[in-house]
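One structure is given below, encoded as structure tokens.
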Amino acid sequence: MAILDILNYPDPRLHTVAKSVSVVDEVIHRLIDDMAETMYAAPGIGLAATQVNQHIQLILIDTSETKDHLQVFINPKIISKNGEQDYEEGCLSVPGVYESVTRAEKVKVEALDRTGKKFILHAEGLLSVCIQHEIDHLLGKVFVDYLSPLKRNRIRTKMIKQQRDR
Ligand code: GNR
Ligand code: NI
């Protein structure tokens with residue numbers, strides 16, 4: 001396994017739209033293993049392939065306390081959503097920034113698991129927030145895109161300075 005580099009905002013590659021996965025083969029399995037190691041090491045509760053510069057529809061999530069409930073979503077699609085919730089979000093690609101974002105309260109998601117089998121999941125609370133945050137990455141969207149242009153520009157400047165001074 002290997003720890004992969006995570007793209008940092010405002011890297012333009014974070015705005016790439018991911019392609020769907022046609023076959024769940026050993027190449028995908030290798031990427032899943034490396035992304036899992038990367039996510040747990042960060043540490044984060046989710047990771048989208050976009051963040052490690054792999055532009056395919058693959059996301060990993062583990063919102064468990066014990067960090068032993070890895071959930072893999074290939075070609076995830078939100079088939080229904082309802083309600084609203086505000087959550088203070090963070091992102092491994094925007095380190096040190098936490099801002100409130102309004103999203104759906106509950107989502108119903110259809111995806112393939114790591115064996116290529118289709119499943120449907122009903123999520124609410126943090127898991128629902130995380131699924132929506134990760135699917136946004138696959139669409140080339142980062143949570144700061146929901147903030148005002150003023151806030152977003154302040155974050156952009158802060159990130160550029162942070163990366164320059166590292
Ligand atoms: O680790 C993460 N924590 C988090 C907290 C609130 C809302 C969303 C997230 S996802 C984030 C990991 C990440 O950047 N995934 O793309
Ligand atoms: Ni993120």
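Criterion applied to L126, L92, L60 was being within 14 Å of the chain's Cα centre (by Cα), part of a loop (DSSP other than H, G, I, E, B) and within 14 Å of ligand 2 (Cβ to nearest atom), and the one residue passing it is L92.
Condition check for I74 on (1) away from ligand 1 (no atom under 15 Å from the Cβ); (2) surrounded by fewer than 19 Cβ atoms within 10 Å (Cβ to Cβ); (3) not charged (D, E, K, R): one failure, at (2).
Only one entry in V142, V109 is modelled with pLDDT of 95 or more, touching a strand residue (DSSP E or B) at 6+ places or on another chain (Cβ under 6 Å), under 20 Å from A48 (Cβ atoms) and crowded, with 17+ Cβ neighbours inside 10 Å, namely V109. Candidates in region 77-102 are the residues that are of a type in the set (S, T, N, Q) and in contact (Cβ under 8 Å) with a residue 24 or more places away in the chain; of these, the one that is farthest from ligand 1 (Cβ to nearest atom) is S80. Selection of first residues in region 27-42 that are without any contact (Cβ under 8 Å) to a residue 60 or more places away in the chain and of second residues that are assigned to a helix (DSSP H, G or I) and crowded, with 18+ Cβ neighbours inside 10 Å, restricted to Cβ pairs under 9 Å at least 6 apart or on distinct chains, gives the following pairs, ordered by first then second residue: L31/A49; L31/V52; D34/V52; M35/A49; M35/Q51; M35/V52; T38/Q51; T38/V52.
The values are calculated or read from the model by the stated rules, or taken from the named source; none is laboratory data. Worth saying up front: this structure is predicted, and the values here are computed from it rather than measured. Here Cβ is always computed from backbone atoms with ideal geometry, including for glycine, and neighbour counts include all displayed protein chains.
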